[in-house]
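Below is one structure, written out as structure tokens, with a few remarks after it.
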Amino acid sequence: MTAVLTPEVAPKAGRRQHPLGLYAALAVTAFFVVALIAPQVLATHDPFALALDQALQQPGAAHWFGTDEQGRDLYSRVVFGARESLLIGVGATAVSMTLALILGAAASLGGRVIGAVAARIIEIQFAFPTLLLALLLVSIVGPSAISQVFAVAIGTAPGYARMIRAQILTAKNSGYVEAATALGHSRTRILSRHIIPNAVRPLVAVIAMSIGQSIVWASSLSFLGLGVAPPSPEWGALLDAGRLYITHAPWLTVVPGLVIVVLAISATTIGQHIQRALERGEK
């Protein structure tokens, strides 16, 4: 027998699901944007004020995330640390994408010699794991926010460069580029009006996801003692300081770690929704 769906149980065609994950990601992102611009609006205490009589207090009503070994409010330090962590993440993404655009464009548009050299540079960078390359660069230059930005950028640029190279090659071989060439358009016009815009457009989603990933890499460097030095409330520095008290004050490590994970997931979620919207627009 053929089952017939009644109106009560039949799925409604075209009904869109509420993107609760996207709303949550946007709310998290909005919170940290406010923390970036005006952290004093969200903070409940002075993040640098010492109160040794309140050291290592558990999370509670007075201190939402607890206090550290010097009695400083951890929630306020996380809020103020958002500025440095986000700036490092955004800066590393900007530098990484710039390097990737240069290498990817050179590898796909630079001719035989320049293309071969750019491709070999990308392959050499790929020979080093991202964290190992970042550790090497920070060890040479010295730990600081600037060195973190460039270390993470150089470590992550090869992957984006290969992506850009593939996008440009796909655009070069597309039908609209062949049509523009047949119509007699100049090479410069074809590059600026057809190849580059269509190759770069998918990177909008990648950039959103890359910011969260860059924050994770930068925090890893700080956790290893190669990032911003204390008493900075940068999230990786908080992780590094909290690991000494992991047995009897685990919130000092768990809370900053959860904040990093939540922000990275939020950035990835937003990037995925942007990617889906772009794919729907292409259909």
(request) Report, by residue number, each residue of segment 262-283 that is without any contact (Cβ under 8 Å) to a residue 24 or more places away in the chain and in a helix (DSSP H, G or I). (result) R276, A277, E279, R280, G281, E282
(request) Look at S192 and say whether it is part of a helix (DSSP H, G or I), crowded, with 22+ Cβ neighbours inside 10 Å and either free of Cβ contacts under 8 Å to residues at least 12 places away in the same chain or within 25 Å of the chain's Cα centre (by Cα) (or both). (result) no
(request) Sort out which residues of segment 5-43 are part of a loop (DSSP other than H, G, I, E, B) and modelled with pLDDT of 50 or more, and write them in order of number. (result) R16, H18, P19, A38, A43
(message) So, in segment 141-188, how many residues would count as being under 30 Å from the mean Cα position of the chain (by Cα), among the small types (G, A, S) and in a helix (DSSP H, G or I)?
(response) 10
(request) Could you list all residues from segment 125-140 that are surrounded by 14 or more Cβ atoms within 10 Å (Cβ to Cβ) and assigned to a helix (DSSP H, G or I)? (result) Q125, F126, T130, L131, L133, A134, L135, L136, L137, V138
(message) Quick check on S222: is it closer than 18 Å to Q272 by Cα, open to solvent by less than 10 Å² (accessible area, probe 1.4 Å) and either aromatic (F, W, Y) or assigned to a helix (DSSP H, G or I) (or both)?
(response) no
(message) With the requirement that a residue be open to solvent by 90 Å² or more (accessible area, probe 1.4 Å) and at pLDDT 85 or above, what does segment 141-150 give you?
(response) I146, F150
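The values are calculated or read from the model by the stated rules, or taken from the named source; none is laboratory data. Note that the coordinates shown come from a computational prediction; the quantities given were computed from them, not determined experimentally. Here Cβ is always computed from backbone atoms with ideal geometry, including for glycine, and neighbour counts include all displayed protein chains. Calculation scope for accessible area: heavy atoms of the full protein, side chains included, ligands and nucleic acids excluded. Shrake-Rupley method; radii C 1.70, N 1.55, O 1.52, S 1.80 Å.
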